[in-house]
Amino acid sequence: MLTKFLSIVGIMYPFSHIISETCHMTPPDFVQVFRQSSPYFNAHRDSTVVIYLDGTPLQHGDAALPLIQDLALLQSLDVRIVLVAGARPFIDAELHAQGLEWHYHNGLRITRKEHLSGVAQAVGQMRVELESWFSSAKAKQSYAVRPLFISSGNWVMAKPLGIIDGIDFQHTGAVRRIEIEPIKGVLDMGHIALLTSQAYSMTGDIFNLSSMDVAIEAAIALEADKLIWLVDPEHLTAARLAFPTELSANDMPDLLSRSNLPEGTQKLLCDSYRAAQEVDRVHLLDRTRDGALLLELFTLDGVGIMINQNDYDVVRQASIDDIGGILSLLEPLEAGGSLVKRPREQLEMEIDYFTLLERDGTIIGCAALYPYTDSAAAELAAFAIDAQYRRGGRGSKLLAEIEKRARATGIKKLFLLTTQTMHWFIRHGFAQADISALPSQRAQMYNFQRRSAVFTKELA
């Protein structure tokens, strides 16, 4: 029955290996996992994702297979994939085999004319390795019945990098432009588009580019929804010491200036910041972690570091369509006695008073603001943050938005009644008061059996 169901929704083969992993799960556990993942099927359909991968896994046989299978899975779910494959390990091996020396400056290879044949041979070998993997029967086990193709072309136009710090980079180039129309045509056909570090100038000269720069420029030119770096695990380990797992691009300059990171990690994060100025979301993932792509894209919290062009958690006005999500958030707190129970009918009537904190389409926080205009005061009520997300300043963010909205409507004072969260509100500027501090209309409704503590805060 499960296989038949997955076939109906078009994901029978892509999830075959997930099914094998879930055979030991109880049916309720599997249903819960599937329900949590299902919103992302539609969210990622027809999205354009640029994925960067250096060539190291392709040099190590079966090490590349899980990643190739996951790329095939994403493609079968109608994710439009542009794969940017770095060839540095292939180029190093080829130049070494030819007995040629090479040097780097600021992390970039100085590509001399005598290197070009080796670069071309190495990039060609890497492309052959990729095509062979995508054609293999093992990769085909992970996607649906339609064929999977990976296509490449002369879609990156290059220009000389020139002389920097007195050093002539010769045939090391920079991206002049990305030819987006042929790439979109390939994606429209359902192919994966492959870009490499080898590109050509208007005069037909060959240049060796930074594949990371190619990935950034391609993501910007294609207006990609995501740029995903599949990086060495040590970069992710170092970055996590200085960066939260989710952050806004606006926060990166300060974090970068205060961090003491290895040179390679620092460059990766600087490149990520440059990309995040134009791309909605930039993800850093451990390329050695099995299933990292799937866990990042199809679970709420992901497994890497995500940089947003704008803040990931969105504060917005509630609507009648949010009633179910609000109830799900409030019910555990009501059952525990920290909040007064609000029936659905009451919520429907009072929905305009509610502000929500939303994370990737899921309501993770809410608060209601009930104005008492005669006294220029308002009650802050039903303030709740999902237990999984109470770190990271989310409560402070929601409270700040509530206070902003209160000021905009002429409210001079907030008050609230609470039984369990006194210290949090004290830290955020509230002071305990007695019942006489409440507007008379609200004081008449005070529940003496509940004996809630009263807190107030003057708004500047």
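FYI, it's all coordinate maths here, none of it is from the lab. From a predicted model like this one, the values you see are computed outputs, not experimental measurements. Here Cβ is always computed from backbone atoms with ideal geometry, including for glycine, and neighbour counts include all displayed protein chains.
Below 8 Å, C-alpha to C-alpha, sequence gap of six or more: please give me the relative contact order for the chain in percent.
Working: 754 pairs, mean separation 52.7, N = 460.
Over the chain, the number comes to 11 percent.
Across the chain, how many lysine pairs, 8 or more apart or on two chains, come within less than 18 Å at their alpha-carbon atoms? It would help to have the intermediate numbers written out before the result.
Numbers: Lys113/Lys159; Lys184/Lys226; Lys397/Lys457; Lys404/Lys412; Lys404/Lys413; Lys404/Lys457; Lys412/Lys457; Lys413/Lys457.
Final tally of qualifying lysine pairs is 8.
Please pull out the direction-averaged projected area of region 359-448, using the convex hull of its alpha-carbon atoms, in nm² to one decimal place.
Working: hull surface 26.6 nm².
So the Cα hull casts an average projection of 6.6 nm².
Roughly how many nanometres apart are two label points built 7 Å out from the Cα toward the Cβ at Leu300 and Asn260?
3.8
Counting DSSP beta bridges with both partners in the chain, what percentage is antiparallel, nearest 5? Walk me through the numbers on the way to the answer.
Details: 43 of 76 bridges.
Bridges in the chain are about 55 percent antiparallel.
Relative to the longest principal Cα axis of the chain, at what angle does helix 116-135 sit, 0 to 90 degrees, rounded to 10?
Long axis of 116-135 versus the principal axis of the chain: about 60 degrees.
What Kirkwood hydrodynamic radius do you get for region 60-136 when you take the inverse of the mean 1/r over all pairs of distinct Cα atoms, in Å?
On the way: mean 1/r = 0.0701 Å⁻¹.
Hydrodynamic radius (Kirkwood, Cα only) of region 60-136 equals 14.3 Å.
Nearest 10 degrees, 0 to 90: what angle lies between the long axis of helix 211-221 and the longest principal axis of the chain (Cα atoms)?
Tilt of helix 211-221: around 60 degrees.
Modelling each spin label as a point 7 Å along the Cα-to-Cβ direction, I'd like the Arg112/Ile164 distance in nm, to one decimal.
Output for this residue pair reads 2.0 nm.
Based on Cα positions only, what radius of gyration and what Dmax would you give for the chain, in angstroms?
Computed over the Cα atoms of the chain, radius of gyration and Dmax are 27.2, 90 Å.
Suppose R0 equals 35 Å; then what is the FRET efficiency for Ser328 and Thr288 from their Cβ-Cβ distance, rounded to the nearest 0.05?
Values: r = 36 Å, r/R0 = 1.04.
FRET efficiency, Ser328 to Thr288: 0.45.
Could you let me know the centre-to-centre spacing of region 426-445 and region 239-311, using Cα atoms, in angstrom?
When both Cα centres are located, 43 Å separates them.
Which three semi-axes in whole Å describe the equivalent ellipsoid of region 144-273, each the square root of 5 times a Cα gyration tensor eigenvalue, listed largest first? Walk me through the numbers before you get to the answer.
Values: eigenvalues 165, 106, 31 Å².
The answer is 29, 23, 12 Å, longest axis first.
Any chance you could run the full-extension gain for Gln441 through Thr419? It's 0.36 nm times the residue separation minus the Cα-Cα distance, nm to one decimal. Don't jump to the answer; show the numbers that get you there.
Working: separation 22, 0.36 × 22 = 7.92 nm, distance 2.07 nm.
The span from Gln441 to Thr419 would gain 5.9 nm if fully extended.
Gain in length, Ala43 to Ile426, computed as 0.36 nm per residue apart minus the alpha-carbon separation, to one decimal in nm? Working shown, then result.
Numbers: separation 383, 0.36 × 383 = 137.88 nm, distance 3.97 nm.
Gain on extension, Ala43 to Ile426, equals 133.9 nm.
Of the peptides 228-235, 208-215, how do they stack up when ordered by the mean number of other Cβ atoms within 10 Å, highest first? Don't skip to the answer; put the middle values down first.
Numbers: 228-235: 20.2, 208-215: 24.0.
Listed from highest to lowest mean packing, they are 208-215, 228-235.
Considering all alpha-carbon pairs of region 101-218, what whole percent are spaced by more than 24 angstrom?
Counting pairs separated by more than 24 Å, the tail of P(r) holds 34 percent.
Using only Cα atoms, find the angle between the long axis of helix 65-76 and the longest principal axis of the chain, and express it within 0 to 90 degrees, rounded to the nearest 10.
On a 0 to 90 degree scale, this one is about 70.
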